1. Go through 348, 244 and list them by solvent-accessible area, largest first, probe radius 1.4 Å.
2. Per the helix-only calculation at 222 nm, which mean residue ellipticity applies to the chain, given -39500 (n - 2.57) for every DSSP H run of n ≥ 4 and division by its residues, nearest 500 deg cm²/dmol?
3. Could you tell me how many degrees, from 0 to 90 and to the nearest 10, lie between the Cα long axis of helix 12-23 and the main elongation axis, the longest principal axis, of the Cα atoms of the chain?
4. Based on alpha-carbon atoms only, what is the radius of gyration of the chain relative to the globular estimate 2.2 N^0.38 Å?
5. Would you mind telling me which residue in 48, 178, 74 has the biggest mean-square fluctuation in a Gaussian network model of the chain, where springs connect alpha carbons within a distance under 10 angstrom?
6. Contact order normalised by length for the chain, with contacts defined as Cα pairs under 8 Å and 6 or more residues apart; what percent is it?
7. Taking springs between alpha-carbon atoms closer than 10 angstrom, which of 141, 301, 72 fluctuates most in the Gaussian network model of the chain?
8. Taking Cα centroids, how far is segment 209-251 from segment 262-291 in Å?
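The values are calculated or read from the model by the stated rules, or taken from the named source; none is laboratory data. Worth saying up front: this structure is predicted, and the values here are computed from it rather than measured. Glycine also receives a Cβ, built like all others from the backbone with ideal geometry; neighbour counts cover every protein chain displayed. Heavy atoms of the whole protein, side chains included, go into the accessibility calculation; ligands, DNA and RNA do not. Shrake-Rupley method; radii C 1.70, N 1.55, O 1.52, S 1.80 Å.
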Amino acid sequence: MPKRTGPGAGGDASTVRDVAARAGVSASTVSRVLGGTYPVAAATRARVLRAMRELDYVVNAHARALGGATNKTVAFVVDDVTGPFYAHIARGVEEQAAAEGRLCMLCTTHGDPQRVLAVVETMREQRADAVIVVGGAWDDKAYHQRMTHFAHALDRAGSRLVLVGRPPLGPGVPATVVDYDNEGGAFAMTTHLLSGGHRRIAYLGRISGLSTSSQRIRGFTRAHELLGLAPDPELIMDGAFTRSYGYRAAHALLASGREFTAVFAATDMIAAGVVQALREAGRRIPDDIAVAGYDDIPLAKDVHPALTTVNVPQEELGRSAVRLALHRTELADSQHLVLGTHVVLRDSTRRPGD
């Protein structure tokens, strides 16, 4: 029996030669079996695999990467997986990845664009089958150029960059885009509030330079313009997509003395904080102030009153991202998918005076 070698006794090349000797084939044939990129006769492949088992051979991930093979994983890159919105997309990714025989690797970035770039680079080196980046994109030229570079690098490596809930990088960039009608959802929700008689609508949760926020603001503004109205700039407030921000912003809005009859929160998490602040201030929802959110996370049904919101098909975003990326050859004409959104009416909105 040939002596088994390892990193401390000659490295991966010797180990490949050991497998080749046991199977009675060349080292290059073993490499082809490992890489899976060249045809090998079934009988020969069986001999190589049997030799690997007998020698307890473990494939070195770096050596496989050099050979051009992927590692049967899908990377899921997200700001913060504890957020319900991201968690439900992650569920869709994991379920579809499992159905496709892939492992799902979770990577968090904590909202740092530079960390996004670092994670994508690491996943490129690891030869993940797909690198799925979730959440809004930042309006930054250097960041955009770097992501475009990684899209091409991943493509050359046989992998795929997938953008979920963010715009395409531009013509000719080899990336899969799975988006949802973000602006349309905000337009529909604002139209619902305006049609209910509200004319002083506060928008809480604008984030400058973030595509998600910019799209929702466009929908909010466009709905006003359609009726010949203009939203009051003083009622559009900047802030993070968090419950604590919604709570603080609602208190600040009440203290400012500005008139408003409805709040459109950029996310359901913000809306939950708004509801808490308004109730503490003795304001009735929706009798005094209507409140609407965005995302339709489970929390929207649990707050009191139940929250009118915009439904985003979160799990389907995740499933579609994996499916389109792994089957991009046969689904070449479907690499930019936009899923629909719709308003879900619940108890937190009502026509003033009803």
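1. The ranking, largest first, comes out as 244, 348.
2. Helix-only estimate at 222 nm: -14000 deg cm²/dmol.
3. 60
4. Against the compact-globule rule of thumb, the ratio is 1.26.
5. Of 48, 178, 74, the Gaussian network model singles out 48 as fluctuating most.
6. Once divided by the residue count of the chain, the mean separation gives 16 percent.
7. 141
8. 14
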